[in-house]
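The values are calculated or read from the model by the stated rules, or taken from the named source; none is laboratory data. As the structure is a computational prediction, the values presented were derived from the model and not from experiment. Please note: Cβ atoms are built from the backbone with ideal geometry, for glycine as well, and neighbour counts cover all protein chains shown. Accessible surface areas use protein heavy atoms only, side chains included; no ligands, DNA or RNA. Shrake-Rupley method; radii C 1.70, N 1.55, O 1.52, S 1.80 Å.
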Amino acid sequence: MTTTVKRPEIGKGGSACQKLATISPAKGNGQKVFKHWVDRCGERSEMATKKTKIGETYWYGWSMFVPSTWKNTDAGFDIVNQFGAFPSKKGRRYKCGGIGSKISRQGSNFIFDFQRQGNSVDVECTKFTLAKVSQLQGQWTDFVMHVKWTGNRDGFLKLWMKTGNGKYIQKINHRGATFWNDEGTGPYFKMGLYKGNPNFKGPAPRSLYTAEYRLGDANSSFKQVAPRLSKQKIAD
């Protein structure tokens, strides 16, 4: 099981416009927390992981902290997770934007834009509403995902969320294609902040916190990847 991220991804404008920092763990807490920060002249501050294989099954686990400064009325969007297909097949047109699937703040909600091979079209997009921004602000939210990345109908994608001290709630239970069989590799997971371009709409600078990334293969389990360590309080 992979428990470390592969590399940081920083966008145009350099370190003055976007930063990725590791916050020192609180006393008695060995959990590493990442702060993702993007100013108006930047576009991304993300942690990328290794690419997966088409046809294989995986378990994912990760955590996200949304600052209380985020508002339901904020303009623009905030992409907080990407399941990127890169480099993607030339000419493929993604109906929900981006390349592959993603989780983002759109208006007052966090949405999972799930893009994959359709039964009769090259790209099918389904929007799953995961939660309102106000439900996640000022506390850690944990995610667990179980998925088989394939363009065939034997694929599946299941996603659970747990906010604060609550219980895990299943948000997605999809059966069918989850990807494409003609891409070079399966998607790779990214967590952090992606704003699209250096002149993004909405408040700036923008920040987000992440922790506890885990990736398991078909032999892993919900328990093995689920975030379970107590994470430090964020003074946002």
Virtual spin-label span in nm between K127 and A16, 7 Å along Cα→Cβ: 3.7 nm
Label point at K201 placed 7 Å out along Cα→Cβ; residues across segment 96-130 whose backbone nitrogen lies under 15 Å: 105-109
Average projection area in nm² (convex hull over Cα atoms of segment 54-122, one quarter of hull surface): 6.4 nm²
Karplus-derived HN-Hα couplings along segment 176-193 (A = 6.51, B = -1.76, C = 1.60, θ = phi - 60°), whole Hz, x at Gly and Pro: x, 4, 10, 7, 10, 7, 9, 7, x, 9, x, x, 10, 8, 10, 10, x, 10
Span per principal axis, largest first, for the Cα atoms of segment 80-236 (Å): 47, 43, 23
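With the full set of protein chains in place, find how many percent of the accessible area of segment 31-130 is carbon and sulfur; take the probe as 1.4 Å. Please list the in-between numbers first.
Values: 2100 of 4110 Å².
Reported share for carbon and sulfur atoms: 51 percent.
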Label point distance in nm, R93-K223, each placed 7 Å from Cα along Cα→Cβ: 4.9 nm
Under Karplus coefficients 6.51, -1.76 and 1.60, residue-wise ³J(HN,Hα) of segment 107-121 in Hz, glycine/proline x: x, 9, 10, 9, 10, 9, 8, 9, 10, 6, 5, x, 5, 10, 10
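Per residue, how large is the accessible surface of segment 43-130? Use a 1.4 angstrom probe and give square angstrom. Show your work: numbers first, answer last.
Numbers: 3630 Å² over 88 residues.
In whole numbers, segment 43-130 has 41 Å² accessible per residue.
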Residue-wise HN-Hα coupling along segment 136-147, computed from phi with Karplus coefficients 6.51, -1.76, 1.60 (Hz; x: Gly, Pro): 9, 5, x, 8, 7, 10, 9, 10, 9, 9, 10, 8
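May I ask you to give the solvent-accessible area per residue for segment 133-177, in square angstrom, as obtained with a 1.4 angstrom probe? Before the final figure, lay out the partial values.
Values: 2070 Å² over 45 residues.
Result: 46 Å² per residue.
Just list whichever of K127/K162; K35/K132; K12/K162 have alpha carbons separated by over 29 Å in the model shown. Working shown, then result.
Numbers: K127/K162 20 Å; K35/K132 22 Å; K12/K162 34 Å.
Listed pairs above 29 Å: K12/K162.
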Relative contact order, percent, the chain [alpha-carbon distance under 8 Å, six or more residues apart]: 32 percent
